[in-house]
Amino acid sequence: MTWAESKYWWAFAAIVAVFLLLASLNLTTAPRFWFDEGINLQIARNFAEQGYLNIQTAPSEPYENPYQFLTTGYPVSAPLGLIFKITGFSFAVARGYMLGWTAVLLLAAFLVCKRFFGPLSALFSVLLISTFPPIIFHGKSIIGEIPGLTLFLFGLWAFDMKEKNRGSFFWPVLAGLLFGLSVATKPIYLLFILAVAVSYFWGAKINYKKEIVFWLSLTLPVALYAYIALPSGFDLSKGLSVVETYQSRASQGSFSANIAENAVRFFTDDSLVYTLFVTMAVFLVAPWRKILRREWDRPKIIFAVSAVLSLLFFIQSVGWNRYLAVYQGLVLLVLPAATFKIVEKFSWFRRLDGGFFRNKMALSGLVFLALFQVYYLSYRSDFFSGTLGADTEKFFAEKAPEGRIYAVSALKSVAMIPSDRLY
């Protein structure tokens, strides 16, 4: 590796190091412990202490319909359970584990953007998502959005390698497994598999042997998720219940109302206004001629269609901002390359030879955006902080009476109760 190449890796390492240092501050208090974390934390604890990936109704008695609570899959909860097996249960360890996932997301983003847009744009892509408040706060939470996005981006990188390396079957296997693990992490990522299907219509020459290997590899992690999530004696009626559960969780039965309310929020909610601004910048310089002529590479098609599908999913959903975090992450990855294009296309600096001032103008704009995100994260972000998670863990570890503990409608707190005492 030459110095010209290694300097970008050193800069990337510096960004990740600063990110880990700052994000680890207030690890257990910001964001405050919340419901979905409690479910996922209990599932990981049960895996360590009881041996099953499910919530429990009593020791050694898992819940009969696991799919109702397994909204974050085994690629997140199983490794965390294994960590608990070694270290013992700890809320701080769980949050640190999730912070590790976010650091790996930065690596996946750098690899993908480096192949798509070049190392300089990739470096600023990493800088922008590492300072973006929703990515940081959702990344620290014990939920599946950030790990799923991480696995998807690694899968996309492997898929690009598959397209470029004609003879090897290693890359289609790896890409399929990573895409499948992404789906197993969060069912919403099934939408991204649709993006792979859409890419077949772009006129690229398909190696069908590799494609079959890719889909078979993708199926394996998804089948394992279905085996874990679906109840025994699964039939058509239970299948309809599964569909209804996931559909109601996303939209809560208010499809048209959700669309109207979420559309308005793009002009009133700070995070959504910023997302709209970034989207317009990317839309302005998208290579529409190549897209319409179907001259794009398949990995870029998958990336773009996945972003559009995740945005559409949010618009029809109940409107929780974490449903938008995936789209926000994807569009921010494109923003640096779009910024360079905007300056080149619309600035009077384009008339200057060498592009020196053009590059400086684009770089200054990207640095300003990163600093703005840091300012907003530090002073304006409305994510709540609180000590509930650490306090509850300490209570059950040090002050709770001996014997059985009965919990009623307290799924958030029961993660802190030793599983052999929980009913």
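The values are calculated or read from the model by the stated rules, or taken from the named source; none is laboratory data. Keep in mind that what you see is a predicted model, and the values were worked out from it rather than measured. Cβ coordinates were reconstructed from backbone atoms using ideal geometry, including for glycine residues, and neighbour counts include every protein chain displayed. SASA here: full protein model, heavy atoms, side chains in, ligands and nucleic acids out. Shrake-Rupley method; radii C 1.70, N 1.55, O 1.52, S 1.80 Å.
Quick check for you: with a 1.4 Å probe and neighbouring chains kept, what is the accessible area per residue of the chain, in Å²? Intermediate results must be reported in sequence, preceding the final value.
On the way: 20320 Å² over 423 residues.
That works out to 48 Å² for each residue.
Among Met98, Met361, Met280, the sequence by solvent-accessible area, most first, with a 1.4 Å probe is Met280, Met361, Met98.
Once the C-beta distance of Ala286 and Tyr200 is scaled by a Förster radius of 25 Å, the resulting FRET efficiency is 0.75 to the nearest 0.05.
Between Rg and the Kirkwood Rh of region 175-237, both from Cα atoms, what is the Rg to Rh ratio?
Numbers: Rg = 13.7 Å, Rh = 12.9 Å.
Radius of gyration over Kirkwood radius for region 175-237 works out to 1.06.
Overall, the accessible surface of the chain at a probe of 1.4 angstrom is composed of carbon and sulfur to the extent of 66 percent. Over all Cα atoms in the chain, the spread is summed up by Rg and Dmax: 22.5, 78 Å. Here is the list for region 392-422: chymotrypsin sites (Phe, Trp or Tyr not before Pro) lying in DSSP coil, each with at most 16 other C-beta atoms within 10 angstrom of its C-beta, are Tyr406. Obtain the nm distance between the two label points defined at Ser90 and Asn65 by a simple spin-label model: each point lies 7 Å from its Cα along the Cα-to-C-beta direction. Placing both labels 7 Å beyond Cα along the Cβ direction yields 3.7 nm.
When the alpha carbon gyration tensor of region 360-423 is reduced to an equivalent ellipsoid, the three semi-axes, largest first, read 46, 11, 10 Å. About its Cα centre, the dipole of the chain is roughly 1600 debye, where the only charges are +1 on Lys and Arg Cβ and -1 on Asp and Glu Cβ.
For the chain, what is the mean residue ellipticity at 222 nm derived from helices alone (per DSSP H run of n ≥ 4: -39500 (n - 2.57); sum divided by total residues; nearest 500 deg cm²/dmol)?
-22000 deg cm²/dmol
Between the Cα long axis of helix 356-375 and the first principal axis of the chain there is an angle of about 20°, rounded to the nearest 10.
Show me the GluC sites (Glu not before Pro) within region 361-410 that DSSP assigns to loop and that have at most 13 other Cβ atoms within 10 Å of their Cβ. Don't jump to the answer; show the numbers that get you there.
On the way: sites: Glu393, Glu398, Glu402; in loops: Glu402.
Listed in order of number, the matching sites are Glu402.
Which entries in Lys7/Lys300; Lys140/Lys341; Lys205/Lys345 show an alpha-carbon gap greater than 30 Å?
Working: Lys7/Lys300 26 Å; Lys140/Lys341 33 Å; Lys205/Lys345 32 Å.
In this structure, Lys140/Lys341; Lys205/Lys345 lie more than 30 Å apart at Cα.
For region 287-318, applying the loop criterion from DSSP together with a ceiling of 15 other beta carbons within 10 Å to the trypsin sites (Lys or Arg not before Pro) yields Arg293, Arg294. Could you give the distance between the Cα centres of region 213-229 and region 110-179, to the whole Å? Measuring centre to centre over Cα atoms gives 20 Å.
Of the two radii for region 1-127, the radius of gyration is 1.10 times the Kirkwood radius, both from the alpha carbons; that is the Rg over Rh value.
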